[in-house]
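For reference, the structure discussed in these notes is given below.
The values are calculated or read from the model by the stated rules, or taken from the named source; none is laboratory data. These numbers come from a predicted model, not from an experiment. Positions of Cβ are backbone-derived with ideal geometry, glycine not excepted, and every protein chain shown enters the neighbour counts. Just so you know, the surface numbers come from the protein's heavy atoms only, side chains and all, with ligands and any DNA or RNA stripped out. Shrake-Rupley method; radii C 1.70, N 1.55, O 1.52, S 1.80 Å.
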Amino acid sequence: MTTAVSPLVGAARRRRFRTVGTTALMILVALLWASPILLLIGTALRSGADFLAHGPLSWPRSLTWANFRDAWSTGDFGTAFTNSALLTLVKVPLGVVLSSLLAYALAKLRLPFRRGIMFLVLLGLTMPIFIAVVPLFTMLRSVHLTDNLWGLLAPYLAFGLPFQVLILESFFRKVPEDLLNAARIDGAGSLRIFLRIVLPMSLPALVTVAILDVAATWNELLMALVLLSSPEHRTVPLGLLNFQGQFSSNLTGLSAGVLITIAPILLIYACLQRWIVGGLTAGAIKE
């Protein structure tokens, strides 16, 4: 009896040890992954004197919220949030509409040179944004759209479309052809099929594209830095540059400013993360 039970007990102990070891390893990896965020929060909640005296890796001697109040005024985030919000509210819906129309045409309509068009669209993913900055600045200056918030709209749309089309085209391909053929037999045209059938069925992918586009538009720095110069036209990433001086940097204020700027994106992601996972994985399953 004893010899029959001992192997089972030993196997149970080994499973328990493996579970504990795996859990401890996952906790360690999670702490390493979250360490930049924890360091950012710790720096934002300590005074500048404490940070300079004890270094970024020391435990804060006291906690203060004053950095957030000072960061809001130093970064002029009232104006920056308004500008970024206006740009995001216009650009994201417009980008989703344009990319969904193009993705639907490439996925479901019998277009000539469809593969060639798709290749050209995806070619945009390989183009570095740096090589387009100077031509864009020259073009926008010729139409008096430099130092204008809406001058960013066209470049943001152009550089956002390839990735959005890539996601939506993969998703639209999964819409059953039999369902679309049945709608055509009932007399529905391509636009009606797109609006009444394809779009409602593709809501997870559309929400995914919209959320990723919000994050990209909200955090874009290079084009905004080149095309905008007036303080009243600055966006959120440009507000963070106010913490960098010629001879010194306000790191505690900068940490608080970074947390202020990413708070809206984190809130949106926390509320809609299940849509992101579903939208990104739906088009990856091959039936």
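Elements of the type helices (runs of 4 or more DSSP H) sitting completely within the stretch 155-228 and holding at least 3 residues that are modelled with pLDDT of 90 or more: these cover 203-219, 222-227. Within the stretch 205-224, being open to solvent by 40 Å² or more (accessible area, probe 1.4 Å) and not hydrophobic (A, V, I, L, M, F, W, C) holds for one residue alone: Asn219. Residue count for the stretch 127-136 under the criterion of being out of contact with any helix residue (DSSP H, G or I) (no Cβ under 6 Å at 6 or more places or on another chain), surrounded by 10 or more Cβ atoms within 10 Å (Cβ to Cβ) and part of a helix (DSSP H, G or I): the result is 2. Scanning the stretch 78-120 for residues that are over 22 Å from Ala215 (Cβ atoms), of a type in the set (A, V, I, L, M) and surrounded by 16 or more Cβ atoms within 10 Å (Cβ to Cβ) returns Ala105, Leu106, Ala107, Met118. Residue-level check: of (1) under 21 Å from Asn242 (Cβ atoms); (2) open to solvent by 100 Å² or more (accessible area, probe 1.4 Å), Trp33 misses just (1). Being in a helix (DSSP H, G or I) and at pLDDT below 90 is a description that applies to Gly124.
If the condition is being under 29 Å from the mean Cα position of the chain (by Cα) and open to solvent by less than 30 Å² (accessible area, probe 1.4 Å), then the stretch 46-59 contributes only Arg46. Evaluation of Asp147 against the conditions (1) surrounded by 12 or more Cβ atoms within 10 Å (Cβ to Cβ); (2) in a loop (DSSP other than H, G, I, E, B); (3) on the phi < 0 side of the Ramachandran plot shows that the sole unmet condition is (3).
In the stretch 179-204, the residues that are more than 27 Å from Arg274 (Cβ to Cβ) form Cβ pairs under 8 Å with partners that are assigned to a helix (DSSP H, G or I) and open to solvent by 60 Å² or more (accessible area, probe 1.4 Å), at six or more places apart or across chains, as follows: Ala183/Arg192; Ala183/Arg196; Ala188/Arg196; Ile193/Arg184. Pairing each residue of the stretch 49-76 that is farther than 12 Å from Leu254 by Cα and free of Cβ contacts under 8 Å to residues at least 12 places away in the same chain with any residue that is of a type in the set (D, E, K, R) and in a helix (DSSP H, G or I), provided the two are 6+ apart or on different chains, yields C-beta distances under 9 Å for Ser58/Asp50.
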